[in-house]
Structures are given as structure tokens and as C-alpha cells.
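J.: Submitted below is the structure of interest, expressed as C-alpha cells.
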Amino acid sequence: MFPEAFVRRNVLAWSRRDDVILDPFSGRGTTVFESLVNGRRAIGCDTNPVAACLSRAKADPPKLKSVLARLKELEVKSLRFTSKAAETKDEFFQLCFHEETLRQLLFLMKNLEWRTSNVDCFIAALALGCLHGESHRTDACFSNRMPRTISTKPAYSVRWWQKNECLPPKRNVFPILTTAVEYRYHSDVPAIKGKVVEGDARKAASMLRAYKEKVKLVITSPPYLDITDYHEDQWLRLWFLGGPMKPISGQGKDDRHRIVEGYWQFLSEAWQGVAPLLQDSAQIVIRIGGTRLGANELQAGLLGSLNSTGHKFKLQEYKQSDIKNGQKRIFSTGPSKSGTEHDFRFQMA
């Protein structure tokens, strides 16, 4: 997860109000949101639908009254909804969600137009945050007991729930979402709207062509080498957005690189997709990690991949930090390993 304080510090240090800031791997939209809060224009992209939904909800939040009205409309319509979807007979879904909760979720899946409506996108993003979690500790999640950050695999989840005699709680989706909406709007939304598109960073220049040569600062955290497969780890949230009802290994081809050469080739192509959007003297702040690459290898790889764009970049700053409060798989009994992340700031010469 990308800490807000890290983004805020770099936004304030290396940009001015109304500057354009880009995150080509927008994830949960922290760079976009922090930039908007601090008076910058913000754009981003991500190829993962979950990331695109979350980032877009933060970039272009609708009016509170529109969200509440839409939720009430959906709640009334859901009362007449029945479903014979395969999930209603699947062992995982029967143990993951109470039958009434699952019915409401299937209704939302069918009716939320999250790709075309900023109101529905905002509701979908909140639903993704509530979809699963530690239900023995909070009433604000829909599922049987599960980590909040990742979706455990179906067979493993079923075995764990049966072994620990965990049954899915009966949760009414709409009051939970209404509470979540009111909480999110407790503070004012940013005065500036951002733009986030769903797509590959390697095509950033074509997807965001209106911002050609306008980006002053990039703050991003690309996929780490050999760390995670976002499609597998977020498979249940992807399901809610219209994906398959089971995780598919390798679905996200660029989520998890295991070969070092292929990893740097991927990042070279990503920076080439970003380069046409950059102003002269633009800066790129990168938080990166990986268990197999040290600081010197990361610096050399990043500099080489950035310079492959045809521009010349120079390292301006380097910092290192230990990973704290990272994703913890609460179903796992093995020891957790601490890791290190590396922060680089490059400037176009």
C-alpha cells in the first residue's frame, strides 16, 4: 500500500498548485487523491479493473445526495430481485456470504454501471472495500472471516472456515454502504477533479493524449519483481466487477514478473508509454521493492529503463525504508518476513 504521507511529501516538495501529476500504476489512487487534495491536477491509469475503479472513485467523486439517492433506488429495486446464478450453488460462495447478502451482491453486480457512471463507480468502490474482511471484528464487511487486503483462494477458504466452524454473517449490504458513504463525505471532497483511465501504462500517452507534455511530476510504485499476482490476490473483487467466479492463474500477464530481464523490459516499455506526457525537466518519484534486487541493481535498472525512452534522466535522491504494516495473510501461521522498499527520484535532464 502506498502511504499518503509519502505521496504528500513529494507532491508538496516537487510541484506547485495546478501542476499535472501522473501515476501510471495508480493502484488505490493515493497519488491521484493526495494531488487533488493539495490543489494539483491529477491523472492516472491502471490495467487492473479493481485499481481503476478505486482510483476513478477518488479522482471524480459525485455529489453526496446523488450517491445516497442512487443507493436508495438500488435498495428498492433489489427487493424484487432473484438470481439463479452459479454462485448461489457454489460451496465457496455459500460459505463466504449469507444467502441474502449474496443475493444483494449479485443484484449490484448486475446493475452497477461503474465504468460509465461516476455515481455507480463510487458505490462499487465502497462495495469493494466492504466485500471481505475480518467479520469477527467488524460489522462493516459482507463476508465470512477473510483478510481484508487479499482474497484467499476458494478451496483454502472453505477448508479454513469448516475447520474453524465459521459461518457467513447475515449482512444487509445497503445500510453498510450508506454508512460508508456518509463517513467518506464527512470531509469535503477536493475542489479539482482528476482523470483515471483503465488501461496499460504502456499506452498512457494515447489514453491521456490531452495531457501531452503537461506532466510535471510522476509519483508511482510499479509492480515489484516476483512479489505478487494482483489478479490472483484480488480475484474476489474482480469477480464483483464482472470477472470470473474463480481465480485464474496468470490472468494478469504483467502483474508478476519472475525473470529480471523481462521485468526491466516491461518497465522500459511503460516509461516509453509515459514519456510523451512529460514536460521538460519533469521528475519521476518511484517507490520500488523486491526480495531479489538490491539498491544498486534497482538504481541501474530504473535508470536504464528510463533512459530507454530517448530522454536523459539523472538520479537526484535515494532513500530506503523498512516495510511496516504490509499485507498480512491472517490465515497463515508462518512467520512474516520484513522487507525493504527503495525510493528514487529522477529528473529529466
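The values are calculated or read from the model by the stated rules, or taken from the named source; none is laboratory data. Because the structure is predicted, anything quoted here is derived from the model rather than measured. Cβ atoms come from the backbone with ideal geometry, glycine included; neighbour counts cover every protein chain shown. When the accessible area is computed, the model is the full protein with side chains, heavy atoms only, and any ligands, DNA or RNA have been set aside. Shrake-Rupley method; radii C 1.70, N 1.55, O 1.52, S 1.80 Å.
J.: Over region 112-226, with every protein chain in place, what whole percent of the accessible area is carbon and sulfur at 1.4 Å, could you tell me?
T.: Answer for region 112-226: carbon and sulfur cover 48 percent of the accessible area.
J.: Here is a further query. Mind grabbing the accessible area of Lys110 for me, 1.4 Å probe, Å², rounded to tens?
T.: Answer for Lys110: close to 150 Å² accessible.
J.: Just need the relative contact order of region 1-138 here, percent rounded to a whole number, with Cα pairs under 8 Å and 6+ apart.
T.: Taking the mean separation of contacting Cα pairs over the length of region 1-138, I get 21 percent.
J.: Still on this structure, please answer the following. Taking amide H positions as placed 1.01 Å from N in the peptide plane, with prolines and chain starts having none, which residues 5 or more places from Ala42, or on another chain, fall under 5 Å of its amide H?
T.: Answer set, sorted by chain and number: Ile21, Lys195.
J.: If the cut-off is a Cα-Cα distance under 13 Å, which aspartates and glutamates reach Lys319, setting aside same-chain residues fewer than 8 apart in sequence?
T.: Glu341, Asp343
J.: Also: Using a/c under 1.5 as the rounded threshold, could you call region 28-108 rounded, prolate or oblate? The axes a ≥ b ≥ c are square roots of the C-alpha gyration tensor eigenvalues, and prolate needs a/b larger than b/c, oblate otherwise.
T.: Note, shape of region 28-108 comes out oblate.
J.: Would you mind checking the pairs Lys77/Lys153; Lys110/Lys246; Lys65/Lys89 and listing those with alpha carbons more than 25 angstrom apart?
T.: Listed pairs above 25 Å: Lys77/Lys153; Lys65/Lys89.
J.: Using a 1.4 angstrom probe on the protein heavy atoms only, could you order Val181, Val119 from most to least accessible area?
T.: So, going from the largest accessible area down, we get Val119, Val181.
J.: Shape verdict for region 195-296, please, from the Cα gyration tensor: rounded (a/c under 1.5), prolate (a/b greater than b/c) or oblate.
T.: The shape class here is oblate.
J.: If a/c stays under 1.5 just call it rounded; otherwise compare a/b with b/c (prolate if a/b is bigger, oblate if not). Do that for region 124-247, with a ≥ b ≥ c from the square roots of the Cα gyration tensor eigenvalues.
T.: In terms of gyration-tensor shape, oblate.
J.: Could you order peptides 72-78, 196-202 by the average number of other Cβ atoms within 10 Å of their residues, highest first?
T.: Highest mean packing first, the order is 196-202, 72-78.
J.: Also, quick follow-up: Using the Karplus equation 6.51 cos²θ - 1.76 cosθ + 1.60 (θ = phi - 60°), what ³J(HN,Hα) coupling, rounded to whole Hz, does each residue of region 213-219 give in order, writing x for Gly and Pro?
T.: 6, 10, 7, 8, 8, 10, 10
J.: Could you give the spread of the C-alpha atoms of the chain along their three principal axes, from largest to smallest, in whole angstroms?
T.: Taking max minus min along each principal axis of the Cα atoms, the chain gives 61, 46, 30 Å.
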